[in-house]
Amino acid sequence: MSATHRPPGTIKRTSGIGGSDIAVLCGLSKYKTPYQLYLEKRGELDGEIEDTTRLRFGRRLEKPVADEFAFITGRKVWRERTTQRHPVHKFLLANIDRWQEKSDGALRGVYEGKTVNYNLRPLWTQGGVPDSYYLQLQHYLSVTGCQFGSFGVLFGLDDFHFFDIDRDEQTIQTLTNLAVEFWRGVKNGTPPDWTFGEAGHALAKRLYAKATPKKAILLEGVEAEVKIKRLLQLKQAIKAREAEEKNLTTWLQVQMQDAEIATFFNLAKISWKNSTSNRIDLTALKAKYPAIAEELTKPSESRRFLITVIDSSVIEEDKTIDQPFIITSGVRAISLDE
């Protein structure tokens, strides 16, 4: 089920740029590209967020995490369910979690609460606040005019930390310039460059989910030629790498024979254990219960991308491939009880 969590008094995402958009604009999002954000802001692509279990628990834990922040810091923390707008650039929006006030009452700041998987704790406690969150908070400081902000972060179930961050004028100016240029493109229909990577690949599959039968086009130009040649070259290189990987894997399996585990000092631990999985025998199911098999069989549509070489003589060998390892023998059998 898809849903957008928008408290009363807040403004639709298409009316401006909010804190969750900043990482996308800066190219730091693994899940969305600037081009996808552009389509969403123009209303040309559904930008709703799936309401997952993690997001729901994050919302439910907002208050207890904020209460812990107030308890640890001694600061006053309160909620105001109103969207903030930048005083000059009205399209810059901020839906902050809460306001905070230091104990002397002299300075008001922004508070953001986070619930984070414990395995990600080192990203915060060793490397500082992750870039995407740092930029989000600087955006909120820009919109609200505050001089400082804080994160209250609950790692796992019982490990709480807070991080105070001062206003960074240079970063704010960079973010503002980037946002102004992007929003100008949204208004006049000038999209940003297509960003590739996993997010760009997912967007292409989403935008062009179905092919028009029998439709064919002719690709022309130097850029297309260069990219096609490079793709074919890479596919050949990957095939060679996979063959080398298979040979090395087979060599290790031959050395292990019926051993479950092999170790090489502090370099590697190799596991080759028995594995059992239960699968439905579709052939037997169709033969014994054809009506049930037909009822439960659902069509699944997708597009399959294939590229084949017409003239292999124009494809140069990828010179970056290393020479294959020379396979030798030699292994010492040990007992796990040693």
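If you go through segment 173-195, how many residues are among the β-branched types (V, I, T) and touching a His at 6+ places or on another chain (Cβ under 8 Å)?
Here is the first cut: in segment 173-195, the residues among the β-branched types (V, I, T) are 174, 176, 180, 186, 190, 195.
Still in the running and touching a His at 6+ places or on another chain (Cβ under 8 Å): 176, 180.
Selection size over segment 173-195: 2.
Tally time: how many residues in segment 147-173 are in contact with a Leu (Cβ under 6 Å, 6 or more places away or on another chain) and aliphatic (A, V, I, L, M)?
Initially, segment 147-173 is screened for residues in contact with a Leu (Cβ under 6 Å, 6 or more places away or on another chain), giving 149, 160, 165, 167.
Now restrict to residues that are aliphatic (A, V, I, L, M): 165.
Summing the residues that are in contact with a Leu (Cβ under 6 Å, 6 or more places away or on another chain) and aliphatic (A, V, I, L, M) in segment 147-173 gives 1.
How many of the residues in segment 82-105 are modelled with pLDDT of 95 or more, more than 17 Å from F148 (Cα to Cα) and in contact with a Ser or Thr (Cβ under 8 Å, 6 or more places away or on another chain)?
Going through segment 82-105 one residue at a time, the tally reaches 4.
Select from segment 69-101 the residues that are charged (D, E, K, R) and surrounded by fewer than 17 Cβ atoms within 10 Å (Cβ to Cβ) and list them in ascending order. If you could, list the steps in order and put the result at the bottom.
Of the residues in segment 69-101, the ones charged (D, E, K, R) are 75-76, 79-81, 85, 90, 97-98, 101.
K76, R79, E80, R81, K90, E101 - these are the residues of segment 69-101 that are charged (D, E, K, R) and surrounded by fewer than 17 Cβ atoms within 10 Å (Cβ to Cβ).
May I ask you to say which residue of T176, T144, T212 is in contact with a Leu (Cβ under 9 Å, 6 or more places away or on another chain) and among the hydroxyl-bearing types (S, T, Y)?
Details: T144 fails: in contact with a Leu (Cβ under 9 Å, 6 or more places away or on another chain); T212 fails: in contact with a Leu (Cβ under 9 Å, 6 or more places away or on another chain).
Of T176, T144, T212, the one residue that is in contact with a Leu (Cβ under 9 Å, 6 or more places away or on another chain) and among the hydroxyl-bearing types (S, T, Y) is T176.
In segment 273-284, what residues are hydrophobic (A, V, I, L, M, F, W, C) and at pLDDT below 90?
If we filter segment 273-284 for residues that are hydrophobic (A, V, I, L, M, F, W, C), which is where we start, we get 280, 282, 284.
Correct list: I280, L282.
Give the number of residues within segment 17-32 that are in a loop (DSSP other than H, G, I, E, B) and either on the phi > 0 side of the Ramachandran plot or out of contact with any strand residue (DSSP E or B) (no Cβ under 8 Å at 6 or more places or on another chain) (or both).
Initial filter on segment 17-32 (in a loop (DSSP other than H, G, I, E, B)): 18, 26-32.
Filter again for either on the phi > 0 side of the Ramachandran plot or out of contact with any strand residue (DSSP E or B) (no Cβ under 8 Å at 6 or more places or on another chain) (or both), leaving 26-32.
Final tally of qualifying residues: 7.
What residue, of K239, K187, K229, is assigned by TED's automatic domain parsing to the domain that holds A23, in a helix (DSSP H, G or I) and either loosely packed, with under 10 Cβ neighbours inside 10 Å or at pLDDT 90 or above (or both)?
K187
Every residue, every condition in (1) modelled with pLDDT under 95; (2) over 16 Å from D67 (Cα atoms); (3) out of contact with any helix residue (DSSP H, G or I) (no Cβ under 8 Å at 6 or more places or on another chain), yes or no:
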residue: E80; (1), (2), (3): yes, no, yes
residue: L107; (1), (2), (3): yes, yes, yes
residue: E112; (1), (2), (3): no, no, no
residue: N119; (1), (2), (3): yes, yes, yes
residue: P122; (1), (2), (3): yes, yes, yes
residue: G127; (1), (2), (3): yes, yes, yes
residue: V143; (1), (2), (3): no, yes, yes
residue: D158; (1), (2), (3): yes, no, yes
residue: Q173; (1), (2), (3): no, yes, yes
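If you take the residues of segment 115-168 that are crowded, with 16+ Cβ neighbours inside 10 Å, of a type in the set (A, V, I, L, M, F, W, C) and assigned to a loop (DSSP other than H, G, I, E, B), which of them is farthest from the chain's Cα centre (by Cα)?
In this case the residue turns out to be C146.
Checking the structure you have, find out if any residue of segment 2-19 is farther than 22 Å from T83 by Cα, in contact with an Asp or Glu (Cβ under 8 Å, 6 or more places away or on another chain), surrounded by fewer than 20 Cβ atoms within 10 Å (Cβ to Cβ) and modelled with pLDDT under 55. Reasoning before the result, please.
Restricting attention to segment 2-19, the residues satisfying the condition of being farther than 22 Å from T83 by Cα are 2.
This time we only want the ones that are in contact with an Asp or Glu (Cβ under 8 Å, 6 or more places away or on another chain), so: 2.
Subset that is surrounded by fewer than 20 Cβ atoms within 10 Å (Cβ to Cβ): 2.
Pick out the ones that are also modelled with pLDDT under 55 and you get 2.
Yes, the conditions are met somewhere in segment 2-19.
Hey, could you check segment 258-294 for residues that are more than 37 Å from the chain's Cα centre (by Cα) and of a type in the set (D, E) and say which is farthest from L248 (Cα to Cα)? Walk me through how you get there before you give the answer.
Restricting attention to segment 258-294, the residues satisfying the condition of being more than 37 Å from the chain's Cα centre (by Cα) are 258-259, 283-294.
Those still in the list that are of a type in the set (D, E) too: 258, 294.
Numbers: D258: 17, E294: 43 Å.
Among those that are more than 37 Å from the chain's Cα centre (by Cα) and of a type in the set (D, E), it is E294.
From the list A211, A199, A204, which residue is touching a Lys or Arg at 6+ places or on another chain (Cβ under 7 Å), closer than 21 Å to G47 by Cα and at pLDDT below 95? If you could, list the steps in order and put the result at the bottom.
On the way: A211 fails: closer than 21 Å to G47 by Cα; A204 fails: touching a Lys or Arg at 6+ places or on another chain (Cβ under 7 Å).
The unique qualifying residue is A199.
For the structure I just gave you, tell me whether E181 is without any contact (Cβ under 8 Å) to a residue 12 or more places away in the chain, closer than 25 Å to Q36 by Cα and in a helix (DSSP H, G or I). Show your work before the answer.
Values: without any contact (Cβ under 8 Å) to a residue 12 or more places away in the chain: yes; closer than 25 Å to Q36 by Cα: yes; in a helix (DSSP H, G or I): yes.
For E181, the condition - without any contact (Cβ under 8 Å) to a residue 12 or more places away in the chain, closer than 25 Å to Q36 by Cα and in a helix (DSSP H, G or I) - is met.
For segment 210-225, state whether one or more residues are without any contact (Cβ under 8 Å) to a residue 24 or more places away in the chain, in a helix (DSSP H, G or I) and surrounded by 10 or more Cβ atoms within 10 Å (Cβ to Cβ).
Kept after step one, since they are without any contact (Cβ under 8 Å) to a residue 24 or more places away in the chain, are these residues of segment 210-225: 212-225.
Narrowing the set further to residues that are in a helix (DSSP H, G or I) leaves 222-225.
Going one step further and asking which of them are surrounded by 10 or more Cβ atoms within 10 Å (Cβ to Cβ), we end up with 224-225.
Scanning segment 210-225 turns up at least one residue that is without any contact (Cβ under 8 Å) to a residue 24 or more places away in the chain, in a helix (DSSP H, G or I) and surrounded by 10 or more Cβ atoms within 10 Å (Cβ to Cβ).
Given the structure, is T212 touching a Gly at 6+ places or on another chain (Cβ under 7 Å) and either more than 30 Å from W272 (Cβ to Cβ) or of a type in the set (V, I, T) (or both)? Lay out the reasoning, then the answer.
Numbers: touching a Gly at 6+ places or on another chain (Cβ under 7 Å): no; either more than 30 Å from W272 (Cβ to Cβ) or of a type in the set (V, I, T) (or both): yes.
Criteria not met by T212.
Sort through Y133, Y140, Y35 and tell me the only one that's at negative phi, touching a Cys at 6+ places or on another chain (Cβ under 8 Å) and among the hydroxyl-bearing types (S, T, Y). First the steps, then the outcome.
On the way: Y133 fails: touching a Cys at 6+ places or on another chain (Cβ under 8 Å); Y35 fails: touching a Cys at 6+ places or on another chain (Cβ under 8 Å).
After applying the criteria, what remains is Y140.
The values are calculated or read from the model by the stated rules, or taken from the named source; none is laboratory data. Worth saying up front: this structure is predicted, and the values here are computed from it rather than measured. Here Cβ is always computed from backbone atoms with ideal geometry, including for glycine, and neighbour counts include all displayed protein chains.
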